Amino acid sequence: MVDSRASGGYRVFSLLDRDGPEPAPGQFYMLAAESHWEQRGGRPFLPRALSVADLSSPAARSSFVDDSPTNSERGGVQLDFLIEGVGPGTDRLCELEVGERVWLNGPLGNSFSMPRELSAGAAGAILVGGGIGIAPLAIWRKRLAAANVPARVLLGFRDERHSGGLDDLFACCEVALASDDGHVGHHGHVTDLLSAMLEGDDAKTAVVYACGPPQMLDAVAALCSSREVACELAMESPMACGYGACYGCAVPRGDGTYLRLCVDGPVVRA
Amino acid sequence: MTEFCGLDLKHPVVNASGTFDAIAARRVYGDALLDDFPFSAFVSKTITLEPRAGNAPQRIWETPAGMINSIGLPNRGLEGFVAEDLPRLAELPAPLIVSVMATGREDFGRMVSALDGREEVAAFELNVSCPNVHSGLIVGEQPAETLALLEALRPLTARPLIVKLTPNVADPAAVAVAAEEGGADAVSLINTVKASGGPVTGGLSGPAVRPIAIAQVKAVAAAVGLPIVGMGGVCSGADAAEMIAAGATLVAVGTESFRDPRAGSRIAAELSGILERTAYPQP
């Protein structure tokens, strides 16, 4: 752990993965504090799946262990995660202190597809995030920008306490906001913003990427389906292992079978 | 080397059925998985005659020192297993033990007969935690049902038959005795412990169940002469040594692999160190 800071009601923490490969946007890691893993009454027992929100070279921000070799000599990749403490696993990760070691397995899962891979006529992307689900969209927005793909960002939050990450992860881009309680932006759902945006003439050339709570993803998928807009959803499901072993993260395919979100996702085409 | 039912294994640590998908793991970690394969024998996920989609989510629930699962045995069915999984499992650097389940002796027999001719299959594990459609009884909960199943299957194959025992009975040793009488080559225990938490009702696993497993392995070891595959919450070499001291020949690692994909290799190495330290030469 090289950095941890409050970001609204959430936290952003940074890990230095010395030998891991660079993750692709949408991929995730299984994470657990190495010490006191099962701190309180045997929990958290399992690691937690977190999507990467940003990555940088270790030199960019790290001041971790000043007497060690320089950051560039250390190598590796710095991974930023957005987290909200909602239970024993995420609470323990929120409490991580700089210098503490973290058990990490990843990068795991698949990643977002470029707009042209989803729709031949795609000219730009619309990113729709809800709550803590804004995390993978941050790294994806950066990647799209690097590829000169125009992206518009729509983010929604429940209330002020359950919001964050904007100044850290979306600092340098224009973001349209919505909130259920009206504390910021449009008073309502982020899908209202998407619906209005898809009314425009350019809807046919857009591709939608969404991550957020299940109800939001259902609404995004329905909107995109009715407008015939290609759409990828980054989903979440309770997960014990992250690498296809436990079969816990089943998500219905719609044909009576299930996909394993960890190895068949977390990004699925709507 | 560890001898088990005629198989020479590199070490005593195998996987518990349904807790490690070697095909998916190879897709994630590449051939590096084969260079340091965590288990000395590989036990397949349970296969059934027909394909199964598995249970509707939510399937897992974390508990203190463990988890409850209700996965529902998703699998491709016998035909799909033979066509798609068997060739890939044959590439693993470990003998293959195929776990099979059916709701009647006839279907169990069909599966064992179909796989008996495959040289990729080293042994069978019989998942008997299922109801017999004819009697409605869970086979593994009834010594008489277990005996009858073994008597039906024993003539069909010369390969080792390992009976996976359920812990959800008053006297698992009585079922083990019936398995031995029916011609089983080994027993494995424990399966998961009936439990409920949050939205999930299913089987509890992890360190929470280890004392139950140790007690049942001891009881079964005292009752039968068969080799035992001991499992239930093994997380370390010390846990594995305790299981062996209780009477197990092999130790299976299950839930710990969810937390650490390389748990099998780690536990085997730790166990080897413990056994070396405790194996004092005779004066």
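Values as computed for the structure displayed
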| read-out | value |
| --- | --- |
| Cα-based Lys proximity count in the protein assembly as shown, under 22 Å, for pairs eight or more positions apart or on separate chains | 6 |
| Acute angle (nearest 10 degrees) that the helix A:135-146 long axis makes with the longest principal axis of chain A, alpha-carbon atoms | 70 |
| For a label point 7 Å along the Cα-to-beta-carbon line of B:GLU120, residues of the stretch B:1-24 with backbone N under 14 Å | B:22-24 |
| Under 5 Å, built H, 5+ apart or other chain: amide partners of A:LEU55 | A:ASP80 |
| Cα-based helix-to-principal-axis angle, A:190-199 vs chain A, degrees rounded to 10 | 40 |
| For the stretch A:123-129, Karplus couplings with θ = phi - 60° (6.51, -1.76, 1.60), whole Hz, Gly/Pro x | 10, x, 10, 10, 9, 10, x |
| Prolate/oblate/rounded label for chain A (Cα gyration tensor, a/c 1.5) | prolate |
| Long-range amide H partners of B:THR63 with built H, under 5 Å | B:ILE68 |
| Percent RCO, i.e. relative contact order, over chain A, from Cα pairs under 8 Å lying at least 6 residues apart | 20 |
| Between helix A:214-227 and chain A: long-axis angle, C-alpha atoms, 0 to 90°, nearest 10 | 30 |
| Rel. contact order, % - alpha carbon contacts under 8 angstrom, at least six apart, chain B | 19 |
| Sorted by Cβ neighbour density within 10 Å, fewest at the top, the residues A:TYR247, B:TYR29 | B:TYR29, A:TYR247 |
| Highest-fluctuation residue, B:PRO12, B:PRO57, B:PRO167 considered, GNM on chain B with Cα pairs under 10 Å | B:PRO57 |
| Chain B - mean residue ellipticity at 222 nm from DSSP helices (-39,500 (n - 2.57) per run, n ≥ 4, rounded to 500) | -9500 deg cm²/dmol |
| Fewest-first sequence of B:LYS164, B:LYS10 by Cβ atoms within 10 Å of each Cβ | B:LYS10, B:LYS164 |
| Potential lengthening between A:ARG5 and A:VAL98 on full extension [0.36 nm per residue; Cα-Cα distance subtracted] | 32.5 nm |
| Anisotropy class of the stretch B:1-55 from Cα gyration tensor, a/c 1.5 cut | oblate |
| HN-Hα J in Hz across the stretch B:65-72 - Karplus 6.51, -1.76, 1.60, θ = phi - 60°, x for Gly and Pro | 6, x, 7, 9, 10, 9, 8, x |
| CD proxy at 222 nm, helix term only [per DSSP H run n ≥ 4: -39500 (n - 2.57); per residue of chain A; nearest 500] | -5500 deg cm²/dmol |
| FRET efficiency estimate (nearest 0.05) - Cβ-Cβ, B:ALA152 to B:LEU275, R0 41 angstrom | 0.60 |
| Exposure proxy order (Cβ contacts within 10 Å, fewest to most) of B:ASP171, B:ASP107 | B:ASP171, B:ASP107 |
| Residue of A:ALA230, A:ALA53, A:ALA145 that the Gaussian network model of chain A assigns the largest fluctuation, springs spanning Cα pairs under 10 Å | A:ALA145 |
| Overall form of the stretch B:106-233 per C-alpha gyration tensor (a/c, 1.5; a/b vs b/c) | prolate |
| GNM result for chain B, Cα springs below 10 Å: residue of B:GLY225, B:GLY104, B:GLY117 fluctuating most strongly | B:GLY117 |
| B:ASN132 long-range amide H proximity, modeled H, under 5 Å | B:LEU137, B:ILE138, B:VAL139 |
| J(HN,Hα) series, the stretch B:120-135, from Karplus relation 6.51 cos²θ - 1.76 cosθ + 1.60, nearest Hz, glycine and proline x | 5, 8, 8, 6, 10, 10, 9, 7, 9, 8, 9, x, 7, 4, 7, 9 |
| A:ARG253 versus B:ASP8: modelled label distance in nm, points set 7 Å from Cα along the beta carbon direction | 4.3 |
| Contact order normalised by residue count of the stretch A:65-192, Cα under 8 Å, 6+ apart, percent | 17 |
| Average partner coverage of B:13-23, which counts Cβ from other chains inside 10 Å | 2 |
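FYI, it's all coordinate maths here, none of it is from the lab. Only a predicted model underlies this, so the values are computations on that prediction, with no experimental measurement involved. No Cβ is skipped: glycine too gets one built from the backbone with ideal geometry, and neighbour counts run over all protein chains shown.
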